[in-house]
1. With respect to the numbered conditions (1) without any contact (Cβ under 8 Å) to a residue 60 or more places away in the chain; (2) in a loop (DSSP other than H, G, I, E, B); (3) in contact with an Asp or Glu (Cβ under 9 Å, 6 or more places away or on another chain); (4) more than 19 Å from residue 164 (Cβ to Cβ), which one is the sole condition not fulfilled by residue 56?
2. Residue 44 fails exactly one of the following numbered conditions: (1) polar (S, T, N, Q); (2) under 13 Å from the mean Cα position of the chain (by Cα); (3) under 18 Å from residue 138 (Cα atoms). What is the number of that condition?
3. How many of the residues making up segment 107-153 are touching a Lys or Arg at 6+ places or on another chain (Cβ under 9 Å), farther than 15 Å from residue 90 by Cα, free of Cβ contacts under 8 Å to residues at least 40 places away in the same chain and open to solvent by less than 40 Å² (accessible area, probe 1.4 Å)?
4. Does residue 167 satisfy the criteria of being open to solvent by less than 50 Å² (accessible area, probe 1.4 Å), closer than 16 Å to residue 96 by Cα and part of a helix (DSSP H, G or I)?
Amino acid sequence: MTSPCDPSLAPAGDVSAALMLVDSRLQAIYEGHTGADADAQALTRQLLESLGRGGARDVLDGMCTLIYVYVCWLREVAEDHGKEIVAFLIPSLVETMRMMPRAFPAPTIPTATALVLAAATDLSPSLWRTQYGGWTAQEMIPLEATAVLLAERINRMTDDHDFAARLVTQLLADVDADS
């Protein structure tokens, strides 16, 4: 029986825009800019407003797709080392989130963790979350931060600041080639 949260049923969303947001955030972090950047926030807000409600939803779905792709890659790495993905990923992710109370206020950690757990159990993070109602404004920052944390972990594991972005762009190129 197919789950209603099966990834094949989920919209991929605007993965390119989501990747741009995640990668620009990571590059800022790598350059030592860890505080809120008013200019970057204004550009992000302008981008999302220019996309309209449907476009913003596509970016949200794209962010969930990134989470799914990153967790799938991390699952392969964990399995290659004889580890279970949930035990390999979730405890350190929660610990990291707890150290970042502005990005992850305590009430948002269960949702952020559950998005990762959904992907780790081969469910669509987007469809999993949607079954509980609409996304809230308070969940947008933790959603993006979760994707950033996963991408940064991949980059750190590979010792390559651009690996996670290349992983996704290669997948997008493969999809385009197959179309």
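The values are calculated or read from the model by the stated rules, or taken from the named source; none is laboratory data. Given the structure is predicted, the values throughout are model-derived calculations rather than measurements. FYI the Cβ positions are ideal-geometry reconstructions off the backbone, even for glycines, and counts take in every protein chain you see. Side chains included, ligands, DNA and RNA excluded: accessible areas come from the protein's heavy atoms. Shrake-Rupley method; radii C 1.70, N 1.55, O 1.52, S 1.80 Å.
1. Among (1) without any contact (Cβ under 8 Å) to a residue 60 or more places away in the chain; (2) in a loop (DSSP other than H, G, I, E, B); (3) in contact with an Asp or Glu (Cβ under 9 Å, 6 or more places away or on another chain); (4) more than 19 Å from residue 164 (Cβ to Cβ), residue 56 violates only (2).
2. Looking at each condition in turn, residue 44 falls short on (2).
3. 1
4. On the way: open to solvent by less than 50 Å² (accessible area, probe 1.4 Å): yes; closer than 16 Å to residue 96 by Cα: no; part of a helix (DSSP H, G or I): yes.
The answer is no for residue 167.
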